1. Taking the Cα centre of the chain as origin and charging only Cβ (+1 Lys, Arg; -1 Asp, Glu), how large is the dipole, in debye to the nearest 20?
2. Which whole-number value in Å³ per residue fits the convex hull of the alpha carbons of segment 49-139?
3. How much length is gained on full extension from THR72 to ARG108, taking 0.36 nm per residue of separation minus their Cα-Cα distance?
4. Would you calculate, for the chain, the mean residue ellipticity at 222 nm contributed by helices, counting each DSSP H stretch of 4 or more residues as -39,500 (n - 2.57) and dividing by all residues, to the nearest 500?
5. Once fully extended, how much extra length lies between GLN135 and THR93, figured as 0.36 nm per residue of separation less the alpha-carbon to alpha-carbon distance?
6. Rounded to the nearest 0.05, what FRET efficiency do THR119 and MET12 give with R0 = 30 Å and r taken as the Cβ-Cβ distance? Could you check?
7. Among PRO157, LEU116, GLY84, whose Cα projects farthest towards the positive end of the dipole of the chain, with charges put on the beta-carbon of Lys, Arg (+1) and Asp, Glu (-1)?
8. Tell me, how many Å apart are the Cα centres for segment 50-79 and for segment 106-154?
Amino acid sequence: MENPEFQHLGDMYQRPGFLLRRAHQISAAVFENACASVELTQAQYGALMVLSHEANIDQSRLARALAFDKVTVLRVLRGLEERGLVQRDMSLTNKRQMEVKLTASGRRLVKKSQALAHTAYEQLMSPLTVKQRTQLLDLLQILNTQLCDQAKAPFVPLV
């Protein structure tokens, strides 16, 4: 007689949450390996990209644009600030907000890192056909759109 506990363990490995978490681990590793020469994580790259398109954005709006909570965005920004890639200043219009902008070094790193990030994307998607890539992205968009109210951090894209 087969042990039902092993059936449940096998089932766990086929659950979307497990597979999405594992895919995220792989995605992060692929990205960080591709961007090792510029020492960027996916979160840092995302913040730099938003800042390159939106000058003097406040931290709260940046957090929403990346679907980060306040603690995560602060941690990411402190790391970038320590490297001289971003500058945070008190908002002139709202003293409770910090505005963030890229420094000249940050702008240079954005330009340098875009090709590396593209290489990471291509490597991550390389096991899939063009049709499968489209299907994967479409399905992830559906999950993200239909279940967005379940997330702890809001997502408000800038576009």
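Derivation of every value follows stated rules applied to the coordinates shown; laboratory data play no part. Given the structure is predicted, the values throughout are model-derived calculations rather than measurements. Positions of Cβ are generated from backbone atoms using ideal geometry, with glycine treated the same way; all protein chains shown enter the neighbour counts.
1. The dipole magnitude comes to about 620 debye.
2. Dividing the Cα hull volume of segment 49-139 by its residues yields 123 Å³.
3. Working: separation 36, 0.36 × 36 = 12.96 nm, distance 2.38 nm.
Contour length minus Cα-Cα distance gives 10.6 nm.
4. Working: 7 runs with 100 residues, N = 159.
Helices in the chain give a 222 nm mean residue ellipticity of -20500 deg cm²/dmol.
5. Working: separation 42, 0.36 × 42 = 15.12 nm, distance 4.39 nm.
Answer, rounded to one decimal: 10.7 nm.
6. Numbers: r = 33 Å, r/R0 = 1.10.
Efficiency at R0 = 30 Å is approximately 0.35.
7. Projecting each Cα onto the dipole axis, the largest value belongs to GLY84.
8. What the calculation gives is 18 Å, centre to centre.
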